[in-house]
Amino acid sequence: MLESPCKSINVLDAWSENQEELRETQPVSPRGTRKRVKTKKKQPKQQQNATRSVSAPRLCTDDADKERKEKKYRPDEPIVRGIFQIGKKSHDVVLTATRVTWTPIQPETPAADHDVKKQEEYLELKDVFAVKVKRRRSAGQQTGGTLLGITLFQCRTKGLKLKEHAIHLNNLSADHCEIWFKSLKEILSGFKNRPKSLKVFVNPISHKKEAYQIYLDEVAPLFKLADIEADVTITERKGHALSILKDCSLEDYDGVVCVGGDGSVAEVAHGLLLRAQMDAGRDTDSIFTPVQAALPLGIIPAGSTNVVACSVHGIRRAMTAALHIIMGHHQPVDVCSFSSMGRLLRFGFSAMFGFGGRTLALAERHRWMPPSQRHEFALIKTLANLKPEDCELSFITSRGAEDQIKKTLTLHSVIGEHGSWQTRQGLYLNISIMAIPCLCSMAPRGLAPNTRLNNGSMALIAVGHTSRSEFAKHLKRYNSTNNQFGFSFIETHTVKAVKLRPHSQGSCADDVSEENEECDSKTMPIISSEGTYPWNIDGDLWEVPSELLIRVHLQLLTLFGADMEEAEEAPVKCSCI
């Protein structure tokens, strides 16, 4: 139940920013036909009070304020009522705890009453994210100006898009506007999920180095409009955000925001979760049960790949992402933990081994190229030198995954002898493990379309050894409505844990370098020259020397956004494989 919208410290502070400006300009006649009167004949005290009570609502005294705060309003009980001009017509406007309702004033004939009721309109306050004083100012004027009324800022939904919409309530009375402003502010402050202070990380080199400009042009103005304080850090290097999140005080923030691509998002998400484990005293050098992150994470898509943002918002659009944050839309998501030799490497959402890892490794060695060119070059070059990887793949699909993993590691038993573990061994071109759908333009239905954001499972997609042409057909189907997994060489499972152990057989030097063309690409398994295996984990390259254990953890992280099972419109082009 929302509290009464009477005077509070925060609301008074918000109004006081405009109070000096209000005093600079005296209210004038709405029609502008009367001249301003400088002197007024003195009236008896009682008559003055009677006149004031008619012309504008009176402000609450301290005693009346306390009495109203203790009163609980019913959703349909009027709190404030007044006359405002909306558009070109005067309206009778009523404020309740849940909505603003306005009806045009048309006193032409008694028969018009029925039509007036039909013209009644309303705005749900749960869709309003800001209220501001409206003024007319001359060119270059920064303060003061003629009071015109108040403006409500609404978050409108159009398909998957969220848009800002302004509704102007015009009234020239300062007292009248003050009552309405404070009442609306009090109600809006009752939405507890809406953040008031955010820690923002911006990766200035994301995609085409547009991230900071996107934040300044599309996100910062909305945060300011919603009275959100943003503590902005422009990251200077990889790992910068992680180091800050591990050491800084998070008590003053209501959420963390990342402006960048999937690599930046993965780093911030890992930092939030790692900080939670540190605060809870978890030993990350063992197989442990992680605790949830303390703060929600907001994602402003501004990278070359944005599969996490698209999975939670449905589209790649900065304004939509910003409004999800402002409105306090919370979406819990599952997160994977990646461990090797019993030690936590990182938290993340998805991973690819084989073709996906080799493609990213080659792209990272050509960072002097523009992002789109190096991703395309790496994709074509890796496909031309397509090689399988000999590995042992084990996974758990039944319940009790956590206990089964611990039992297996403790007894050092052979995988597959404990019933819950299923094992496959052979040559694989690509293995993907994803806890979210991974929507993008290359895969409008998602790289893992049967996976949801928070169902406690991962999609395991194992692509066995096949010809280059058949593998290319599989990749092309991601961009169509055809089943990309409808091939005999592809195996899919819904799992809770995966263990992958590559087998080194040969020393064919770096995967797709120009010097290794003498290697037999059809039969020779791949291994990097350093004796490690490349993994693509959320767009970041990880070199893992041995077995990797991947577990999914139910709703470990909360994102600002909504659950979008399928995007209705294709996001901008990105490279995800």
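The values are calculated or read from the model by the stated rules, or taken from the named source; none is laboratory data. Computed from a predicted structure; not experimentally measured. Note that we place each Cβ from the backbone using ideal geometry, even for glycine, and neighbour counts take in every protein chain shown. The area values use the complete protein model at the heavy-atom level, side chains included, leaving out ligands, DNA and RNA. Shrake-Rupley method; radii C 1.70, N 1.55, O 1.52, S 1.80 Å.
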message = Using 0.36 nm times the number of residues separating Leu554 and Ser488, minus their current alpha carbon distance, what extension gain do you get?
response = 20.6 nm
task = Report the residues of segment 172-212 in range of a label on Arg136: point 7 Å along Cα→C-beta, backbone N strictly under 17 Å from it.
result = 172-174
request  = Could you list which residues have their amide H under 5 Å from that of Phe84, counting only those 5 or more apart in sequence or on another chain, with H placed in the peptide plane?
outcome  = His91, Val93
key: Paramagnetic reach from Thr284 (point 7 Å along Cα→Cβ, amide N under 15 Å) across segment 252-270   = 266-270
remark   = Candidate cut points under trypsin sites (Lys or Arg not before Pro) in segment 113-181, DSSP loop plus at most 12 other Cβ atoms within 10 Å of their own Cβ, are Arg137
query = What order, most packed first, do the peptides 82-92, 492-502 have when packing is the mean number of other Cβ atoms within 10 Å of each residue?
reply = 492-502, 82-92
ask   = Could you give me the ³J(HN,Hα) list for segment 174-185, computed from phi with Karplus coefficients 6.51, -1.76, 1.60 and θ = phi - 60°, whole Hz, x at Gly and Pro?
value = 5, 4, 4, 5, 5, 4, 5, 4, 5, 5, 5, 4
key: In Hz, Karplus ³J(HN,Hα) per residue of segment 251-268 (6.51, -1.76, 1.60; θ = phi - 60°; x = Gly, Pro)   = 5, 7, 10, 9, x, 10, 10, 10, 10, x, x, 5, x, 5, 4, 4, 5, 5
note = Per the 1/(1 + (r/R0)^6) rule, R0 = 56 Å and r from the Cβ atoms of Met369 and Glu120, FRET efficiency to 0.05 is 0.40
request  = First check a/c for segment 176-316, with a ≥ b ≥ c the square roots of the eigenvalues of its C-alpha gyration tensor; if it is under 1.5, answer rounded, and if not, answer prolate when a/b is larger than b/c or oblate otherwise.
outcome  = oblate
query = For segment 311-390, which chymotrypsin sites (Phe, Trp or Tyr not before Pro) are both in a DSSP coil and crowded by at most 16 other Cβ atoms within 10 Å?
reply = Trp368
task = Could you check how much of the accessible area of segment 195-329 is carbon and sulfur, as a whole percent, using a 1.4 Å probe?
result = 47 percent
request  = Please name whichever of Gly260, Thr289, Ala230 sits farthest to the positive end of the charge dipole of segment 195-329, dipole taken about the Cα centre and charges placed at Cβ: Lys and Arg +1, Asp and Glu -1.
outcome  = Gly260
task = Using a 1.4 Å probe and counting only protein heavy atoms, arrange Arg452, Arg551, Arg367 so the residue with the most accessible area comes first.
result = Arg367, Arg452, Arg551
task = Collect residues whose amide H, placed 1.01 Å from N in the peptide plane, falls under 5 Å from the amide H of Glu392; neighbours closer than 5 in sequence don't count.
result = Arg501, His503
query = So how much accessible area does Arg346 have, in Å² to the nearest 10, using a 1.4 Å probe?
reply = 10 Å²
query = How much area per residue is accessible in segment 195-329 when the probe is 1.4 Å and only protein heavy atoms are counted (Å²)?
reply = 38 Å²
